[in-house]
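A.B. asks: Could you have a look at this structure, given as structure tokens, before my questions?
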Amino acid sequence: MHPVFKLKNQVKHYAWGSPYWIPELLGEKNPDKKPYAELWMGVHRDGQSQTEYNGNTISLAELIEQDAELYLGKALAAAGAASLPFLFKALAADKPLSIQAHPSLEQAQAGFERENSAGIPLDAPERNYKDANHKPEIICALTPFKAMAGFREINEIHALFDAFGMESLSVVKTALESGLKAFLRALFALPPEIRGHVSDYAATQKRRLAETHPQYRDVWETAAAFAERYPSDPAALSPLYLNLVFLEKGDAMFLPAGVLHAYIQGFCVELMANSDNVLRGGLTPKSVNVRELFHILTFSAFKPEILRPNPSKYPVKCKEFSLSVVREQGVWTEDGPAILIVTQGDVVLAFIDEKNGEKTDIRLKQGESAFIAAGNAGKLSLNGNFTLYIAGIGFI
């Protein structure tokens with residue numbers, strides 16, 4: 001069996017995408033400046049990768065279905081896996097994504113069954129659960145990257161709202177005394193006239209606030225930008241209650257279920273369990289189901305740790321996936337199935353068939369990706385001048 005399968009992947013052209021980063025990665029021209037938001041690598045039904053097998057083009061899912069034990073490995077197949085448990089992406093945010101959170105496995109299974117029983121089509125705008133899986137995720141910055149993630153400490157939220165001012169927000173500050181859930185409920189319940197006032201205030205007062213409270217300059221500028229893009233959305237105030245996170249190139253952060261977050265601007269690789277379940281909380285024209293969002297949120301302070309590889313693998317304990325970065329020539333060390341993408345330079349994967357001694361070289365240039373079947377640790381070598389990211393299996 002040949003262990004390496006080049007992939008052809010789907011691009012998602014969402015409105016928040018960048019016209020530059022993904023086309024540059026892929027070496028494609030984009031004269032119309034079409035937004036390229038995400039490049040999907042994996043077996044998810046909404047964006048399956050394709051590959052060549054025996055002269056035919058088939059999906060990666062179809063390849064694996066032919067022999068799950070062969071392609072996934074005995075341990076993963078014995079654990080009941082019939083396909084890849086992760087979804088790998090390149091994500092290019094030129095504009096903010098919606099504020100969102102993802103359900104736990106138990107919540108996703110119950111929600112998916114409930115909406116199926118109610119007869120809600122999978123592509124309906126009000127559908128909350130597209131599948132029965134959870135979606136823990138890790139992102140790693142390919143450029144400087146700005147995000148929001150996790151509730152701030154309550155005393156810090158108090159300080160920010162006090163600095164922001166506005167008497168009309170007193171009901172929200174009072175609710176904070178009863179905890180984060182009561183606070184967020186009060187924020188969503190603000191009447192339309194106050195929402196509009198908040199947006200106008202955030203957009204027009206950022207310079208004054210930066211002068212009076214310069215330690216919060218990033219907060220005021222981000223809130224003002226949100227208010228201008230989404231007037232009358234109470235989520236414009238999200239930088240006051242969610243942590244602003246700035247990742248440098250190579251930095252990563254991991255987000256478990258129930259953490260409210262938003263990716264604001266930058267280019268990254270994103271790795272998650274094989275799911276597309278998203279519960280939104282604002283900064284979007286799409287459906288926002290506050291009741292369901294509150295059902296899955298974790299209402300406690302959470303500030304994600306900035307992660308760096310040690311030595312090549314990012315330190316995340318997740319059953320479905322692991323993320324590594326490789327910049328040096330050497331021998332392939334991944335035991336389980338993996339997907340790799342070259343983000344700089346080019347790499348030659350050299351493979352020697354143990355049965356007939358035949359040597360095969362497969363070259364991947366920047367932007368190209370491949371699926372590596374299980375059981376090939378030590379059988380492949382990586383040669384060239386490159387940076388590549390590897391999505392592999394976590395612990396089984």
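Only the coordinates and a few stated rules stand behind these numbers; no lab work does. Bear in mind the structure is a predicted one, so any value in this text is a computation, not a measurement. In this analysis, Cβ positions are derived from the backbone assuming ideal geometry, glycine residues included, and neighbour counts consider all displayed protein chains.
A.B. asks: Would you please report the Å³ per residue occupied by the convex hull of the alpha carbon atoms in region 322-392?
C.D. replies: On the way: hull volume 5.0 nm³, N = 71.
Measuring per residue, one finds 71 Å³ for the Cα hull of region 322-392.
A.B. asks: Taking loop as defined by DSSP and a crowding limit of 15 other beta carbons within 10 Å, which GluC sites (Glu not before Pro) in region 333-366 fit? Before the final figure, lay out the partial values.
C.D. replies: Details: sites: Glu334, Glu354, Glu358; in loops: Glu334, Glu354, Glu358.
In loop regions of region 333-366 (DSSP not H, G, I, E or B), the sparsely surrounded GluC sites (Glu not before Pro) are Glu354, Glu358.
A.B. asks: Straight-line reach from Lys181: which lysines fall under 20 Å, measuring Cα to Cα and dropping same-chain residues less than 8 apart?
C.D. replies: Filter leaves Lys173, Lys303.
A.B. asks: Hey, another quick one. In whole Hz and in residue order, list the ³J(HN,Hα) couplings for region 362-369 that follow from phi through the Karplus curve 6.51 cos²θ - 1.76 cosθ + 1.60, θ = phi - 60°; x for Gly and Pro.
C.D. replies: My calculation for region 362-369 gives 10, 9, 10, 9, 3, x, 8, 9 Hz in order.
A.B. asks: While we're looking at this one, here's another question. Taking K and R as +1 and D and E as -1, what net charge do the other residues with C-beta under 13 Å from the C-beta of Met253 add up to? Intermediate results must be reported in sequence, preceding the final value.
C.D. replies: Numbers: positive: Lys146, Lys303, Arg308; negative: Glu137, Glu248, Asp251, Glu270, Glu305.
Net charge around Met253: -2.
A.B. asks: Can you give the local net charge around Phe294? Use residues other than it whose beta-carbon is closer than 10 angstrom to its beta-carbon, Lys and Arg +1, Asp and Glu -1.
C.D. replies: Details: positive: Lys181, Arg185, Arg291; negative: Glu292.
Local charge sum for Phe294: +2.
A.B. asks: Taking region 153-240 as the region of interest, what is the percent of Cα-Cα pairs per 5 angstrom bin, listed from the shortest bin to the one with the maximum distance?
C.D. replies: 3, 16, 27, 27, 20, 7, 0
A.B. asks: Continuing with the same structure: For region 1-68, what percent of Cα pairs sit more than 20 Å apart? Mind showing how you got there, number by number?
C.D. replies: Numbers: 892 of 2278 pairs.
Considering region 1-68, 39 percent of its Cα-Cα pairs are separated by more than 20 Å.
A.B. asks: Taking 41 Å as R0, compute the FRET efficiency from the Cβ-Cβ separation of Asp361 and Glu221 and round it to 0.05. The partial results should precede the final answer.
C.D. replies: Working: r = 50 Å, r/R0 = 1.22.
That pair, Asp361 with Glu221, gives E of 0.25.
A.B. asks: Which of the residue pairs Lys95/Lys146; Lys6/Lys355; Lys146/Lys249; Lys313/Lys365 have a Cα-Cα distance greater than 18 Å in the structure shown? Can you show the working numbers first?
C.D. replies: Details: Lys95/Lys146 11 Å; Lys6/Lys355 22 Å; Lys146/Lys249 11 Å; Lys313/Lys365 22 Å.
Correct reply: Lys6/Lys355; Lys313/Lys365.
A.B. asks: Now a separate question. Can you give the net charge of the other residues whose Cβ lies under 11 Å from the Cβ of Arg363, counting K and R as +1 and D and E as -1? Walk me through the numbers before you get to the answer.
C.D. replies: Numbers: positive: Lys6, Lys365; negative: Asp346, Asp361, Glu368.
Summing Lys/Arg as +1 and Asp/Glu as -1 gives -1.
A.B. asks: Let me ask something else about it. From the phi of every residue in region 101-107, what ³J(HN,Hα) in whole Hz does the Karplus formula 6.51 cos²θ - 1.76 cosθ + 1.60 yield, where θ is phi - 60° and glycine or proline is x?
C.D. replies: 8, 10, x, 6, 4, 5, 5
A.B. asks: Hey, another quick one. Run the numbers on the chain and let me know its relative contact order in percent, using alpha-carbon pairs under 8 Å that are six or more apart. Walk me through the numbers on the way to the answer.
C.D. replies: Working: 905 pairs, mean separation 87.5, N = 396.
That works out to 22 percent.
A.B. asks: While we're here: Just checking my list (i) 44; (ii) 36; (iii) 28 against percent of Cα pairs over 36 Å apart computed from this structure; which label fits?
C.D. replies: (iii)
A.B. asks: Let me ask you something else. What is the log10 of I(q)/I(0) for region 80-225, computed with the Debye formula using one identical point scatterer on each Cα and no solvent, at q = 0.09, 0.14 Å⁻¹?
C.D. replies: Taken in order of the listed q values, log10 I(q)/I(0) reads -0.44, -0.97.
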